[in-house]
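Here's a structure for you.
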Amino acid sequence: MNTSTCAAVAPALPVRRLARFSRGGVAPLRGGLGLVAAALLGLGACGGASSPSASSLVKDSFSSHRPISSGRVDMLLALTPRAGGAVRARSSFSLHFAGSFQGAGAARLPRLALALRLTGGGRTREAGAVSTGGRLYLSLAGATYLAPDAAMAALEQGYAQGRGGSVAGSGMPRLATLGVEPGAWLTAPSLAGHANVAGADTVHVLAGLDAARFLTDAARLSSAGEALTGGRAGTPLSASLASSVRSARVDLYTGARDHVLRRLTLTAAISGAPAARTARGAPVEETLAFDLKFAQLNVPQAIAQPPRARGPAALASALERLGSGRGLAPR
């Protein structure tokens, strides 16, 4: 199966350019904005020519062919113990992204507004990113900061360079630069009928899961979320969990006509993982879930400038606290 990936709106940031304004905060900002890109797994180019087979539909859905200029995205990654009480509160982990994006021209970073929520170890942290076309804002622990011009310029430059790997006219670089390949998660796909997803007629493809590949990518996403929020949730996701996966399925919904990805869901039952045990030492069964949804594709999105943003100096201070491991006050 061809596992070429969808496009994303932002490549990894050039660290040296960002180091000019916040040496201690470079890693959190770089990781967090990488996650902004990763959240947009299917944007800008998912889709391809008509094909009746399940394998071809998967290939089309994760290949860059059709430009997507705007829309909404929602992504959830969660690992939840089936046990209740303190075990559930202590061991639950989730990463949630949601927001909108709007193309700003062929050579410009798209406007976007995304919110992130990270829950782990019984604590919840929130962060966000807004790009208004020329300005970048980050939200950390309830406060909004304006990023320095140098940071936005570095992001724009990296985006323009990344476009070398995209299709003509899509304006989107390939997600492979982040090391995330969702097409590689699916095994033995088969057709499972049609379904309506957010008002779009889609073809439903049912597949198995390559647990090791998915868990490796999931660990990258969750680690980036921790970097941006300053959390120390200690993501439980890693390829080592693959041997504990007892059952799994992947459901892909792609446009019946355009083969543009509309939804990708994944569920897996994990049993006997060494890190998940009750107070008495008994293994805890866990449920792993991933849900990526796109809606309002190519419908114009309004991206507003955040009010009352603090200046770049305040952002540098906040990022230095994150980089030092002190973090910011959680909710």
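Throughout, read-outs are computed from the coordinates displayed, never taken from laboratory work. Predicted model only: the values in this text are computed from it and were never measured. Every residue, glycine among them, receives a Cβ derived from its backbone with ideal geometry; neighbour counts consider all protein chains shown.
Give the calculated FRET efficiency between Thr124 and Arg249 to the nearest 0.05, with a Förster radius of 35 Å applied to their Cβ-Cβ distance.
Working: r = 29 Å, r/R0 = 0.82.
Taking R0 as 35 Å, the efficiency between Thr124 and Arg249 is 0.75.
Which order results if Leu288, Leu221 are arranged by neighbouring Cβ count within 10 Å, fewest first? Let's see the in-between values first.
Values: Leu288 25, Leu221 22.
By the 10 Å Cβ count, ascending, the order reads Leu221, Leu288.
Same structure, new question: Mind sorting Phe101, Phe62 by how few other Cβ atoms lie within 10 Å of their own Cβ, fewest first? Each step should come with its number before you reach the end.
Numbers: Phe101 25, Phe62 31.
Fewest-to-most ranking of Phe101, Phe62: Phe101, Phe62.
Here's another thing I want to ask about it. Order these by the 10 Å Cβ neighbour count, fewest first: Thr119, Thr287. Could the numbers behind the result be given before it?
Numbers: Thr119 20, Thr287 13.
Listed from fewest to most nearby Cβ atoms, that is Thr287, Thr119.
Okay, next question. With the crude spin-label approximation of a point 7 Å out along Cα→Cβ, what separation in nm comes out for Ala304 versus Arg108?
In this crude label model, Ala304 to Arg108 measures out at 2.0 nm.
Along Cα→Cβ, 7 Å out, is where each label goes; now give me the distance between the ones at Leu206 and Glu320 in nm to one decimal.
Output for this residue pair reads 5.7 nm.
Can you figure out the FRET efficiency of Leu76 with Arg257, using R₀ = 25 Å and their beta-carbon distance, to the nearest 0.05? Could you put the intermediate results ahead of the total?
Details: r = 27 Å, r/R0 = 1.08.
Between Leu76 and Arg257 the formula returns 0.40.
While we're looking at this one, here's another question. Hey, can you rank 310-321, 71-82 by average C-beta count inside 10 Å, highest first? Can you show the working numbers first?
Numbers: 310-321: 17.9, 71-82: 19.7.
Listed from highest to lowest mean packing, they are 71-82, 310-321.
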